Amino acid sequence: MTDFAAPLPSLADRARLVQAESTIVSMHFFRQTPVFVLGEEALLFAAPEGGKRVAIHGGAILASAADGQRIVTGGDDGKLIATNREGEHEVLATDDKKRWVDQVALGPDGAVAWAAGKVAHVRTGKGEQRDLDLPSTVAGLCFFPKGFRLAIAHYNGATLWFPNAAGAKPEVLEWKGSHLGVTVSPDGKFLVTTMQEQTLHGWRIVDAKHMRMSGYSARVRSLSWTHDGGALATSGSEQLILWPFTGKDGPMGKQPTLLAQSPARCSVVACHPRQPVAAAGFADGSVLLVRLDDGALILAREADGEPVSALGWSAEGQVLAMGTENGSASVLTL
Amino acid sequence: MTAPSSAEKIPVTVLTGYLGAGKTTLLNRILSEPHGKKYAVIVNEFGEIGIDNELVVNADEEVFEMNNGCICCTVRGDLVRIIDGLMRRKGKFDAIIVETTGLADPAPVAQTFFMDENVGAKTRLDAVVTVADAKWLKDRLKDAPEAKNQIAFADVILLNKTDLVTPGELAEVEARIRAINPYAKLHRTERSKIALDEVLGRNAFDLDRILDIEPEFLTADDGHDHDHHHDHDHDHHHHHGGLKHYHDEDMQSISLNTAKPLDPDKFFPWVQDLVATEGKDILRSKGILNFKNDEERFVFQGVHMILDGDHQRKWKDGEARSSRIVFIGRHLPEEKIRKGFESCIA
Ligand SMILES: [Zn+2]
């Protein structure tokens, strides 16, 4: 399938296969146990000694986030649900109009943020809830790495909100167009959104200076910061694209690094938590491990035509779990 | 290995129509008839469907402009989100129906299928179906630009509540519809009663189905309305043996054709420039093209500035190799378009 000069070294046949039989939308870990978030109803705990399917939602699962202690999911049943490593789950919130809960983020000290329609909610670890009305639908949520602050992506920009500062007017970073996802750099200095267009938009937070990151062949749907926070790895093109975020200017005036040239479009990225390595999943089903220093590649999943839809590393980075739109999952222990 | 072919993509029918025209009645009919199909229904915030359906989603019609400074380059942000969510339940439904509010412009809905790669990869726009009120449409065409957009944009028009008007009034309103959009399939209905295969599974946006873009000529009326018609709204009209022909003041269709082959190196720059400059006024475009030294016919369609085209098939033996293009739009510069098209002849 691929047009590399020599066959790539492959670890694909060492992966353990898991049948999910439902679209896999994301994945998380409880220690070494991969947990696949399925498109409908359930989480699939895929421990080596046997899988366990835990039904939690009464419909589609639209968003998820995890902090090692729990996986929090939002569904089209209007519910926000937390599930622990035993598979026990509790409803954290129910939307009063049964709107879709399609954005979820986890923050410091057990805080959880979620959104339904044009309202963003935050519940602190102590159980206090704050709500913020936005002018358009919330399309992305992300906590800042430090401090109790939330970034919210929406039409024509992003809003920065301190939920604990009662009465304080949230700060708005404006840029025309529809912003569909948001991430904040691990050093807290830059905010980046994915847009409806085939581009990313960024702001340096200290002075709201703009950055445009373009050149993609599709809308960017997956973002991941490298282990040291020095670069942002992105999907949306026929290679892995990394934007440099070192120094005070971030990617301003710099070129991205292009690695893992592929015949198919990159659909998901997940950076290794400890090393300069990224996993890149492609629309043809292949998953490549990419060494960021020199671009060396190892095949982690063979191309089989099933678009890769989820990738995740265990906290230490010894286990990589992969899932596809068609419900094929595999787990590779390195 | 590749993206799903159009047959595997979930078809999406867009239901438009002015308030009270009978859109919700049609929707309820679609959902309640025993067809064995499951529909996911995206209803507008004022929608009231009377049928229990597991997959009903409320949409709030968020029209988002793209970041290119152009007011016609818009998508329905809520559809991008909802279709992404619905596709997680793939297998639970066979088709999607999007009901819009009476004030909605169908273009952003249609453009979402061409502008959002994810939506376009998983679903396909089947047709825009417009329900119009036989009694009130004539008035709405005067006072509501949205109503005119919905007629101009439609692939299928249900002229509903025909039992509430006289044959003369019916002929009159049909003529007004035809003045705006001579290409849509037009059905006269009462209480939105229609065979569902006339509104669903139309493949109106399938390039392979752009076989016939001849206008749907009016059937001659039944002879009750041959008297002179006094018109007070400054529309032009004249009679041809019982058929009224109106000219709508601001929405027209232009049809151009030539038997001479076109030069693709002239045609593509011309049409791209045309939609770049006039795209905000061109609601829909379609064409079948005969290029010089090309054994295959080329077909295209467009919504405002978006063009979608491909080689369709070989010209058949004995088939007349001619090119024909159609534009429906507002205040279109007909002479400029005609001259431009003629300059593309090889
Ligand atoms: Zn435009």
Discussion item. Which positions within segment B:24-69 get 20 Å² or more of their accessible surface covered by the other protein chains, compared to the chain by itself, with a 1.4 angstrom probe?
Written reply: B:57, B:60, B:62, B:64, B:65, B:66, B:67
Worksheet item: In what sequence, highest mean first, do B:173-186, A:10-23 appear when ranked by Cβ atoms within 10 angstrom?
Response: B:173-186, A:10-23
Discussion item. Quick check: at a probe of 1.4 Å, how many percent of the accessible area of segment A:154-278 sits on carbon and sulfur atoms?
Written reply: 51
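Report the net charge of residues surrounding residue A:15, where surrounding means a beta-carbon distance below 13 angstrom and charges are Lys +1, Arg +1, Asp -1, Glu -1. Numbers along the way, then the final one.
Values: positive: A:14, A:16, A:301; negative: A:13, A:302, A:304.
It works out to a net charge of 0.
Would you kindly state how much longer the chain becomes between residue A:315 and residue A:10 on full extension, computed as 0.36 nm times their sequence separation minus their alpha carbon distance, in nm to one decimal?
On the way: separation 305, 0.36 × 305 = 109.80 nm, distance 2.30 nm.
Length difference between fully extended and current span is 107.5 nm.
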Discussion item. With a cut-off of 8 Å between alpha carbons and a minimum separation of six or more residues, what is the relative contact order of segment B:48-180 in percent?
Written reply: 19
Item to complete: Rank these by accessible area, largest first, 1.4 Å probe: A:257, B:123.
Response: A:257, B:123
Item to complete: Take the Cα radius of gyration of the protein assembly as shown and divide it by 2.2 N^0.38 Å, with N its residue count; two decimals is plenty.
Response: 1.04
Fill in: Reach of residue B:316 by Cα under 13 Å, taken over aspartates and glutamates that are not fewer than 8 positions away in the same chain
B:294, B:295, B:296
Fill in: Of all accessible heavy-atom area on chain B, the percent that carbon and sulfur account for (1.4 Å)
49
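Over 24 Å between Cα atoms: which of B:260/B:286; B:142/B:185; B:292/B:314; A:79/A:126; B:9/B:148; B:23/B:148 fall into that group? All intermediate terms of the calculation are to be shown ahead of the outcome.
Numbers: B:260/B:286 18 Å; B:142/B:185 22 Å; B:292/B:314 13 Å; A:79/A:126 20 Å; B:9/B:148 30 Å; B:23/B:148 16 Å.
Over 24 Å apart, Cα to Cα: B:9/B:148.
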Worksheet, complete the sentence: Computed from the beta carbon distance with a Förster radius of 22 Å, FRET efficiency for residue B:324 and residue B:281 to the nearest 0.05 stands at 0.60
Worksheet item: So who's got an amide H within less than 5 Å of the one on residue B:123, skipping anything under 5 residues away but keeping other chains? H placed 1.01 Å off N, in plane.
Response: B:10
Item to complete: Note the buried accessible area between B and A here, summed over both chains, with a 1.4 Å probe, in Å² to the nearest 100.
Response: 2500
Worksheet item: For residue A:94 and residue B:94, FRET efficiency with R0 = 22 Å and r from the beta-carbon atoms, rounded to 0.05?
Response: 0.15
Fill in: Of all accessible heavy-atom area on segment A:70-136, the percent that carbon and sulfur account for (1.4 Å)
43
Worksheet item: How far apart, in nm, are the 7 Å Cα→Cβ label points at residue A:258 and residue B:255?
Response: 4.7
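Decide, for chain A, between rounded, prolate and oblate: order the square roots of the alpha carbon gyration tensor eigenvalues as a ≥ b ≥ c, take rounded if a/c falls under 1.5, and otherwise choose prolate if a/b is larger than b/c, else oblate. Present the calculation step by step, with values, prior to reporting the outcome.
Numbers: a/c = 1.81, a/b = 1.15, b/c = 1.57.
Note, shape of chain A comes out oblate.
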Fill in: Globularity ratio of segment A:225-334, using Cα Rg and 2.2 N^0.38 Å
1.02
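So what is the calculated 222 nm ellipticity per residue for chain B, using -39500 (n - 2.57) for each DSSP H run with n of 4 or more, over all residues, to the nearest 500 deg cm²/dmol?
Working: 9 runs with 90 residues, N = 346.
My calculation for chain B gives -7500 deg cm²/dmol from helical runs alone.
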Fill in: For residue A:139, residues with placed amide H under 5 Å, excluding near neighbours
A:153, A:154
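If you scale each eigenvalue of the Cα gyration tensor by 5 and take the root, what three semi-axes come out for chain B, rounded to whole angstrom and sorted largest first? Could you put the intermediate results ahead of the total?
Numbers: eigenvalues 179, 162, 70 Å².
The answer is 30, 28, 19 Å, longest axis first.
Estimate the FRET efficiency between residue A:131 and residue A:274 by the formula 1/(1 + (r/R0)^6), using the beta-carbon distance for r and 51 Å for R0, to the nearest 0.05.
Working: r = 37 Å, r/R0 = 0.73.
For R0 = 51 Å, the calculated efficiency reads 0.85.
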Response to the item:
With the full set of protein chains present, the residues of segment A:220-251 whose 1.4 Å probe accessible area falls by 50 Å² or more relative to the chain alone are A:221
Fill in: Label point distance in nm, residue B:265-residue A:210, each placed 7 Å from Cα along Cα→Cβ
3.9
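Taking the convex hull of the alpha carbon atoms in segment A:54-145, what volume per residue do you get, in Å³? Write down the numbers at each step before the final one.
Values: hull volume 8.3 nm³, N = 92.
Here the figure is 90 Å³ per residue.
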Worksheet item: Using bins 10 angstrom wide from zero, how does P(r) for segment A:269-334 break down, in % of all Cα pairs?
Response: 24, 57, 19, 0
Discussion item. Residues of segment A:91-123 losing 20 Å² or more of accessible surface, assembly versus chain alone, probe 1.4 Å, please list them.
Written reply: A:100, A:102, A:118
Practice prompt. Can you pull the one-decimal nm distance between simple spin-label points at residue A:293 and residue B:37, each 7 Å off the Cα toward Cβ?
Written response: 5.8
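For chain B, what is the relative contact order in percent, using Cα pairs closer than 8 Å and at least 6 residues apart in sequence?
On the way: 680 pairs, mean separation 55.6, N = 346.
Reported relative contact order: 16 percent.
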Worksheet item: Within chain B, which cysteines find no other Cys whose Cβ is under 4.7 angstrom from their own?
Response: B:72, B:344
Practice prompt. At 1.4 Å probe size, with every protein chain present, just tell me what the per residue accessible area of the protein assembly as shown comes to in Å².
Written response: 42
Worksheet item: With charges only on Cβ, +1 for K and R and -1 for D and E, what is the dipole size of segment A:175-308 about its Cα centre, in debye, rounded to 20?
Response: 520
Discussion item. Need one number: convex hull volume per residue for segment B:52-196, Cα atoms only, in Å³.
Written reply: 132
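The values are calculated or read from the model by the stated rules, or taken from the named source; none is laboratory data. Quick caveat, the model's predicted, so the values are computed rather than measured. Every residue, glycine among them, receives a Cβ derived from its backbone with ideal geometry; neighbour counts consider all protein chains shown. Side chains included, ligands, DNA and RNA excluded: accessible areas come from the protein's heavy atoms. Shrake-Rupley method; radii C 1.70, N 1.55, O 1.52, S 1.80 Å.
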